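**Q** The structure that follows is given in the form of structure tokens.
A short reminder: the numbers here are calculations on the coordinates, not readings from a lab. From a predicted model like this one, the values you see are computed outputs, not experimental measurements. Cβ placement follows ideal geometry from the backbone for every residue including glycine, while neighbour counts extend to all protein chains displayed.
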Amino acid sequence: MHCESAMDVRPSQREKEGIRILDLRGRLKTGDPESTLRSAIDALAKDNIVNIVLNLADVTKIDSDGLEALVSCDAQIRKCGGALKLARLDTEHLSLNMTTKLNTVFEVFVDEQDAVNSFIPGRVTRDYGLLEWVREQEQACGQISSQE
């Protein structure tokens with residue numbers, strides 16, 4: 001099983017408390033068959049590094065093919081006994097439909113530390129709920145309306 005996606009920039013990797021973090025940047029969409037994300041996930045799975053956080057703070061767009069690639073990568077990691085979690089989802093650049101799908105399929109966390117904590121038993125985490133996002137959007141719209 002392979003993840004098929006293309007990003008503008010190669011993801012950087014680092015480790016935090018034994019959890020691998022991939023910092024993704026740019027647009028996540030179908031494209032190059034030698035996808036950098038797919039290659040990174042494949043290499044991690046082969047090295048038995050299967051607890052992974054995708055930091056999406058600098059991702060500017062995810063289309064339906066990008067979502068499909070993320071789901072495929074998640075399935076690959078789960079098959080190896082691990083988990084793929086999302087952190088710092090920038091909802092400003094994503095449609096409500098895409099945000100809803102991401103929250104339905106993945107564990108999504110407000111910040112990176114919460115995502116890392118979710119792998120460690122007994123640690124407190126705050127996940128990013130869809131209801132929280134809707135409330136933020138309503139507040140933002142209310143602030144815009146009141147300023148006009």
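**Q** Expressed in nm to one decimal, what extension gain is obtained for the pair K79 and S39 from 0.36 nm per residue of sequence separation less their Cα-Cα distance? Let's see the in-between values first.
**A** Working: separation 40, 0.36 × 40 = 14.40 nm, distance 1.66 nm.
Result for the pair: 12.7 nm of gain on full extension.
**Q** Please compute the modelled spin-label separation between D63 and E92, points set 7 Å along Cα→Cβ, answer in nm with one decimal.
**A** A separation of 2.3 nm, rounded to one decimal place.
**Q** Give me the extension gain from I120 to K46: residue separation times 0.36 nm, minus the current Cα-Cα distance, reported in nm with one decimal. Before the final figure, lay out the partial values.
**A** Values: separation 74, 0.36 × 74 = 26.64 nm, distance 2.24 nm.
Residue separation times 0.36 nm, minus the Cα-Cα distance, leaves 24.4 nm.
**Q** Right, something else. Ordered by packing density, taken as the mean number of other Cβ atoms within 10 Å over each peptide's residues, highest first, how do 94-100, 23-29 rank?
**A** Values: 94-100: 15.3, 23-29: 20.0.
Per-residue mean Cβ counts within 10 Å order the peptides as 23-29, 94-100.
**Q** Residue separation times 0.36 nm, minus the C-alpha to C-alpha distance between D111 and Q139: what's the value? Please list the in-between numbers first.
**A** Details: separation 28, 0.36 × 28 = 10.08 nm, distance 2.05 nm.
Between D111 and Q139, full extension yields 8.0 nm more.
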